[in-house]
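The values are calculated or read from the model by the stated rules, or taken from the named source; none is laboratory data. Note that the structure is predicted; figures quoted are calculated from it, not measured. Counting neighbours? That spans all protein chains shown, and the Cβs are built from the backbone with ideal geometry, glycine included. What goes into the accessible areas is simple: the full protein's heavy atoms, side chains included, and nothing from ligands, DNA or RNA. Shrake-Rupley method; radii C 1.70, N 1.55, O 1.52, S 1.80 Å.
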Amino acid sequence: MATAWDYAPAPEARDIVKIQDRYGLFIGGKFVEPTSGERYTTIDPAREEPLAEVAQAGKADVDRAVGAARDAFSNGWSTLRPSERAKYLFRIARLLQERSREFAVLETLNGGKPIRESRDVDVPLAAAHFFYYAGWADKLEYAFPNRKPRPVGVAGQIIPWNFPLLMLAWKIAPALAAGNTVVLKPAETTPLTALLFCDVVRQAGLPPGVVNIITGDGRTGAELVSHPDVNKIAFTGSTEVGKAIQKTLAGTGKRLTLELGGKAANIIFDDAPLDQAVEGIVNGIYFNQGHVCCAGSRLLVEESIYETVIAKLKRRMATLRVGDPLDKNTDVGAINSKQQLEKISALVQSGVDEGAEIFQPPCKLPERGYWFVPTVFTNVAQSYRIAQEEIFGPVLSVLTFRTPDEAIEKANNTPYGLSAGVWTEKGSRILAMAQKLRAGVVWANTYNRFDPASPFGGYKESGFGREGGRHGLEPYVVLDDA
Ligand code: NDP
């Protein structure tokens, strides 16, 4: 008798990466013990198993890291020939490529994202960022014509847990290309690829202190923000913490860039290629379990095609494979932490309570670990929390519209403004919509596409400053008159 076709398990081997039992702080080119003496355990969210002990950097550790970065800045890095700086960045990029499997497996183990994504998106894009900014290092005067660019100094960089290695690359590559030194704090739940990156830094022969990595929770981040010898803070994370950082820095003269939350509209017109659009909707919200600041978490569908789109979407959602992130056939991996799972669950419950209609495909979840079934809400009013707040999980809210103006009104009806998507066959409509959407990035007939040459950043409560492209250099240079 015929049985349903299914995939055989295809797990990626995890022994490619050697995880130490415990890690110190990477300061001045070597691992040192935290003076705080505090440590915590970082886990695999798919198995709820401990992976390693990492250090909780305290005030004295932050001070030591900033001191190492200052010394490296003053003792040669900032005055090194730019073409020499470029060589280090090229070396880092090549090493990331050579060790890509190791990084991909570790990213997946520590963060819960599918190996297919860490292997095909996170790691290659991280390497691409280093290649791209290596190219700028000796061409800064062409990036800023008629100005004399010089580095800002020591940059404090704080990153979130959704794209740990990629966010590290977004932060470190432009800073180094422009001649700055850095102290970077990865997120509490995902420190391991940043700690493996320290090994790449050493392999590349980067002078000690140019890159310092300190682990810890929000307290470490707050110490870094308020350290008096830091010249610039670059932060990616929640709008709430971004606002707190902005308050702390007001009046200090320190530079600040913030890349914060989002609640993007993905807008489907009736002339869109529907099967392609459905793939874009799925990629827009279920990629990386929806832990994406630019996720297309509000779907705006033109009323005339609503039934068709929802039917196709539900059919497609039933084929998504949720489970072991190390399996090459997995589409949706584990939720990053228990805390995040609780936040998603609470917001989904609010959607049900407020009166939206929930759909979740039948799905068998692993017994251990943090999981959430891909979810879509229809019958959503704009005032519902699920239409207003960043859920940061695999949860889509669907709204409808009748005219392009209504779509713009609804899309812009949010405190955020990071990204948007437009699906239509008319080029003129794409351009008209892109002009009116208050979003830093507008994708047309695609979604979640990234390129190191393309600037990324927000409007309104999604933050300010751009990362990527020539724009991404600006926060890291002081421009004197030529
Ligand atoms: P946070 O904004 O708290 O975390 C981002 C980074 O900032 C982490 O490294 C964090 O450390 C650090 N941090 C926390 N508090 C401070 C502080 N007072 N000063 C300086 N640095 C600090 O995000 P969470 O991880 O707590 O996630 C909460 C929510 O934020 C999510 O549910 C999601 O909605 C949103 N979020 C949005 C992101 C985006 O890119 N738009 C990214 C991450 C989260 P630690 O890891 O210890 O908290």
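Numbers at a glance
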| item | result |
| --- | --- |
| Cα-only radius of gyration and Dmax that characterise region 299-351, units Å | 14.9, 41 |
| Full-extension gain in nm, ARG368 to ALA10, via 0.36 nm per residue minus C-alpha separation | 127.0 nm |
| The chain: calculated mean residue ellipticity at 222 nm from DSSP helix runs of at least 4, using -39500 (n - 2.57) | -11000 deg cm²/dmol |
| Inter-probe distance in nm under a simple model that places probes 7 Å from Cα toward Cβ, at ARG219 and ALA318 | 5.1 |
| Additional length obtainable on full extension of the chain from THR252 to GLU53, 0.36 nm per residue less Cα span | 68.1 nm |
| Cα→Cβ-extended label distance, 7 Å offset, between ASN329 and LYS139, nm | 4.5 |
| Low-density loop cleavage sites - GluC sites (Glu not before Pro) in region 327-433, where at most 13 other Cβ are within 10 Å (DSSP) | GLU367, GLU425 |
| Rounded tilt (10° steps) of 59-72 against the dominant C-alpha axis of the chain | 70 |
| Region 330-482: Rg to Rh, with Rh as the Kirkwood radius over Cα pairs | 1.03 |
| Pairs from LYS148/LYS263; LYS232/LYS410; LYS185/LYS254 whose Cα-Cα separation, in the structure shown, is over 27 Å | LYS148/LYS263; LYS232/LYS410 |
| The chain, accessible surface, carbon-and-sulfur percent (1.4 angstrom probe) | 50 |
| Sequence-distant aspartates and glutamates (8 or more away, or on other chains) whose Cα lies within less than 18 Å of LYS30 | ASP21, GLU53, ASP61, ASP63, ASP71, ASP199 |
| Sequence-distant lysines (8 or more away, or on other chains) whose Cα lies within less than 16 Å of LYS113 | LYS328, LYS338 |
| Kirkwood hydrodynamic radius over Cα pairs of region 93-235, then Stokes diffusion coefficient at 20 °C and 1.002 mPa s, in µm²/s | 138 |
| Evaluated at q = 0.11, 0.24, 0.26 Å⁻¹: base-10 log I(q)/I(0), Debye formula over Cα of region 15-97 | -0.48, -1.09, -1.14 |
| Å² of accessible area per residue within region 1-131, as computed with a 1.4 Å probe and no ligands counted | 49 |
| Translational diffusion coefficient (Stokes-Einstein; Kirkwood radius from C-alpha pairs) of the chain at 4 °C, 1.567 mPa s, in µm²/s | 56 |
| Pairwise label distance in nanometres, ARG449 with THR403, each label 7 Å out on the Cα-Cβ vector | 3.0 |
| Cα-based helix-to-principal-axis angle, 123-136 vs the chain, degrees rounded to 10 | 50 |
| Kirkwood-type radius of region 84-176, with distances r between different C-alpha atoms, in Å | 14.1 |
| Principal axis dimensions, region 344-415 - Cα atoms, whole angstrom, descending | 46, 23, 19 |
